[in-house]
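J.: Please read through the structure below; I'll follow up with questions.
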Amino acid sequence: MAVQDIMPTWVGATAKQIARGVRRGDVSATQVLADHLDHIAKADADLAAFRTVRGGEAVTEAEKVDEQEDLANLPLAGVPVAVKENTPVAGMPTWNGSAAVRTTVAEADHEVVRRLRGAGAVILGVTRMPELGLWAVTDDDTAVTRNPWDLTRTPGGSSGGAAAAVAAGLVPIAHGNDGLGSIRIPAACCGLVGLKPGRGVVPCQLGAEDWFGLTEHGMLSTTVADAAVGFQVLAGRAQQKLVPPQRLRVGVSLRSPVRGVSADAPNRDAVAAAGRLLAAAGHDTVPADPVYPTALGLQGIATWFAAAAADVRAAGVERRSLQPRSRRHVALGEWALRRGYVREADRLAWRERSVGFFTDHSVDLLLTPALAAAPPPATSWSARSWQANMRASIRYAPYAAPWNVAGLPALVVPVGRRPDGLPLAVQLVGPPGSELLLLGVAGQFEMEAPWSRHAPGYPRVGTGSPATA
C-alpha cells in the first residue's frame with residue numbers, strides 16, 4: 001500500500017518511501033515539496049528550525065527532478081532535504097549561526113550539497129545553529145529553536161535546527177555536521193538517528209581548518225534505513241543494503257570523559273536497555289571503560305576554543321561583533337593558539353589509544369550513554385554568559401567529544417524515553433571504517449524496539465526499519 005493511500009500528505013513519510021514513490025511515478029517531487037512547504041508554514045513558527053526556506057528556488061529544483069527521464073539511479077529522488085546554515089548552498093548566504101559571521105552569497109554548492117543534489121534531493125532550506133556552531137543549544141538574538149518533543153527544551157546543538165526539523169516532520173532527513181557532538185547531541189535530544197562518520201570518509205571543507213580535523217558532515221533521520229542512504233550519498237558510495245551483523249562483542253561503559261559529570265538514572269537505564277537489545281540480537285556485552293586522560297579534556301577544550309578563533313580570523317570578523325559568549329570563547333582560542341596548546345601530536349596520540357581500545361579489550365564496538373542529563377531549557381542562551389553556556393553544554397553532553405578528537409565513527413540511536421516523556425538514546429562507537437556496522441547494529445535495535453519517529457502531535461507514518469523502509 002502506498003503512503004498516499006494511508007495519508008493525504010507525504011509529510012511524515014521516510015526519505016526512502018518518498019524516493020520510491022517519485023521513482024515509480026506515484027507522486028511528483030513537486031507535490032512532495034508542496035506538502036512539506038505547507039507543513040513548515042504551519043509548524044515552524046513554534047520551532048524556529050529554519051533560518052531560510054527556499055520556496056521558489058526549491059520548486060524549480062523539484063520541477064527539474066520531475067523532468068528527468070531516468071530516476072532509477074537517484075536514491076533521494078524528490079526528497080526534500082535541509083542543509084545546516086554553515087554549509088554553502090549556491091545562491092544563498094552562509095549564516096554560520098548569526099548575522100555577525102554571515103558570509104556573502106555562495107557561488108557554488110559545498111561538495112556535500114552537490115552530492116545531495118546529484119542523488120535527486122531538493123534543497124528545501126537551511127536550518128539554524130548557534131553562532132559559529134560552538135554550543136550544545138541553538139538560539140540567537142532573532143529566535144530560540146525549540147525541541148518538538150517539549151517546546152520548553154532545546155533540541156541541542158549545534159545542528160539543533162536540523163534535528164528539530166526532522167523530529168517534527170518538516171523534512172524527512174537533514175544534513176548536519178559534528179565537531180564535538182553536533183549531530184549526535186541533537187539526535188539524542190530529539191529521538192533521531194545521528195551518525196558522525198570517521199575522519200576522511202566524507203569531504204569536510206568547513207571553516208578555517210575543519211576545526212583542526214574534528215568536524216565531519218552527516219545526516220539526521222528518523223529511521224536507520226534513511227541514515228544509511230544519507231551516509232552513502234555523502235560518502236560518494238554506491239547504495240548498499242544493510243546486513244544484520246553476526247555475533248559481536250560490545251564493550252559497555254558509563255564512565256564519563258568529564259570528571260565530576262556522570263549520566264543520570266534515565267541515561268544509565270538507557271544503556272542497560274541497549275545491552276538487553278544487543279543480547280536479544282545475539283551479541284555479547286562486557287564491561288570496558290576507555291581511559292580518558294586528563295590531557296584529553298584539556299586538549300579538546302583548547303581545540304574548541306582555537307577552532308572558533310581560527311574561523312573568526314579567516315572570516316575577517318571583529319571579535320566585538322560577536323555574541324558575548326562567543327567573544328570570550330574566541331579570546332580564549334587566541335590565547336590557546338599563542339601558548340601552543342593545540343597540538344596535532346596530542347590528537348594523534350588519543351586516536352592511537354582509541355583504536356587500540358578495541359584490540360586491547362577484544363571488542364568490536366563500544367556502547368556509552370549519549371547524554372548525561374535532560375536537554376537544557378530552550379531560552380536565550382546567546383544573552384547569557386560564557387560560563388553559563390559552558391556549564392550547560394558540558395554538564396548534559398560530555399560523551400560525544402572524545403570521538404571527534406580520535407576521528408572515529410560514532411552513532412546515536414533512540415532507546416526509550418525519560419520519565420518526562422523526552423527521548424532517550426545511547427551512543428555506539430566503532431573503529432575506523434565501521435560506519436555500516438554501526439548502522440547495522442542500530443537497525444537491530446530498531447527491529448527489536450521501534451521508536452516513535454516523530455514527536456507527539458506531529459505527522460508520522462509507521463516506524464520504518466532496514467527490512468521494510
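The values are calculated or read from the model by the stated rules, or taken from the named source; none is laboratory data. Being a predicted model, the structure only gives us computed values, none of them experimental. In this analysis, Cβ positions are derived from the backbone assuming ideal geometry, glycine residues included, and neighbour counts consider all displayed protein chains. Keep in mind that these areas ignore ligands, DNA and RNA; they rest on the heavy atoms of the full protein, side chains included. Shrake-Rupley method; radii C 1.70, N 1.55, O 1.52, S 1.80 Å.
J.: Looking for whichever is over 23 Å from LEU322 (Cβ atoms) and open to solvent by 10 Å² or more (accessible area, probe 1.4 Å) here; the options are GLY213, GLY218, GLY230. Which one fits? Quick ask: steps written out before the conclusion?
T.: Working: GLY218 fails: open to solvent by 10 Å² or more (accessible area, probe 1.4 Å); GLY230 fails: open to solvent by 10 Å² or more (accessible area, probe 1.4 Å).
None of the other options fit; the residue is GLY213.
J.: So how many residues does region 42-54 have that are surrounded by 14 or more Cβ atoms within 10 Å (Cβ to Cβ) and either free of Cβ contacts under 8 Å to residues at least 40 places away in the same chain or of a type in the set (D, E, K, R) (or both)?
T.: Selection size over region 42-54: 3.
J.: What is the number of the single condition among (1) open to solvent by less than 20 Å² (accessible area, probe 1.4 Å); (2) outside any loop (DSSP other than H, G, I, E, B); (3) among the small types (Gly, Ala, Ser) that ALA295 does not meet?
T.: Condition (1) is where ALA295 drops out.
J.: Of the numbered conditions (1) open to solvent by 10 Å² or more (accessible area, probe 1.4 Å); (2) more than 23 Å from ILE185 (Cβ to Cβ); (3) not in a helix (DSSP H, G or I), GLY78 fails exactly one; give the number of that condition.
T.: Here GLY78 clears every test but (1).
J.: ALA225 fails exactly one of the following numbered conditions: (1) touching a strand residue (DSSP E or B) at 6+ places or on another chain (Cβ under 6 Å); (2) in contact (Cβ under 8 Å) with a residue 60 or more places away in the chain. What is the number of that condition?
T.: (1)
J.: Mind checking whether some residue in region 62-75 is under 12 Å from LEU124 (Cβ atoms) and not in a loop (DSSP other than H, G, I, E, B)?
T.: yes
J.: Which members of region 1-41 meet the condition of being modelled with pLDDT under 95 and either open to solvent by 20 Å² or more (accessible area, probe 1.4 Å) or more than 15 Å from PRO459 (Cβ to Cβ) (or both)? Can you show your working first?
T.: Looking only at region 1-41, we keep the residues that are modelled with pLDDT under 95, and these are 1-9.
Passing the criteria: MET1, ALA2, GLN4, ASP5, ILE6, MET7, PRO8, THR9.
J.: The conditions are (1) out of contact with any helix residue (DSSP H, G or I) (no Cβ under 8 Å at 6 or more places or on another chain); (2) without any contact (Cβ under 8 Å) to a residue 40 or more places away in the chain, and ALA238 fails exactly one of them. Which is it?
T.: (1)
J.: So ARG395 passes all but one of these: (1) surrounded by fewer than 24 Cβ atoms within 10 Å (Cβ to Cβ); (2) charged (D, E, K, R); (3) in contact with a strand residue (DSSP E or B) (Cβ under 9 Å, 6 or more places away or on another chain). Which condition number does it fail?
T.: It is condition (3) that ARG395 fails.
J.: Just one of LEU428, LEU424, LEU411, LEU371 is of a type outside the set (Ser, Thr, Tyr) and assigned to a loop (DSSP other than H, G, I, E, B); which is it?
T.: LEU371
J.: When you scan region 63-75, do you find a residue that is polar (S, T, N, Q) and more than 27 Å from the chain's Cα centre (by Cα), even just one?
T.: Within region 63-75 (the criterion being polar (S, T, N, Q) and more than 27 Å from the chain's Cα centre (by Cα)), the answer is yes, since at least one residue qualifies.
J.: Here's another thing I want to ask about it. From ASP150, ASP141, ASP109, which residue is at negative phi and at pLDDT below 95?
T.: ASP141
J.: Additional query: Being in a helix (DSSP H, G or I), open to solvent by 50 Å² or more (accessible area, probe 1.4 Å), among the aliphatic types (A, V, I, L, M) and within 25 Å of ALA442 (Cβ to Cβ) narrows it down to one of ALA270, ALA279, ALA274, so name that one. Walk me through it before giving the result.
T.: On the way: ALA270 fails: open to solvent by 50 Å² or more (accessible area, probe 1.4 Å); ALA274 fails: open to solvent by 50 Å² or more (accessible area, probe 1.4 Å).
Selected residue: ALA279, the only one of ALA270, ALA279, ALA274 that is in a helix (DSSP H, G or I), open to solvent by 50 Å² or more (accessible area, probe 1.4 Å), among the aliphatic types (A, V, I, L, M) and within 25 Å of ALA442 (Cβ to Cβ).
J.: Tell me, which residue of region 190-210 that is out of contact with any strand residue (DSSP E or B) (no Cβ under 8 Å at 6 or more places or on another chain) and part of a loop (DSSP other than H, G, I, E, B) is least open to solvent (accessible area, probe 1.4 Å)?
T.: ALA208
J.: Follow-up question, since we're still on this one. Pull up region 239-253, narrow it to residues that are open to solvent by 40 Å² or more (accessible area, probe 1.4 Å) and under 22 Å from the mean Cα position of the chain (by Cα), then point me to the one that is nearest to ILE173 (Cα to Cα).
T.: GLN239
J.: Looking at ASN389, ASN404, can you tell me which residue is in contact (Cβ under 8 Å) with a residue 12 or more places away in the chain, crowded, with 23+ Cβ neighbours inside 10 Å and more than 18 Å from ARG351 (Cβ to Cβ)? Outline the logic, then answer.
T.: Values: ASN404 fails: more than 18 Å from ARG351 (Cβ to Cβ).
The match here is ASN389.
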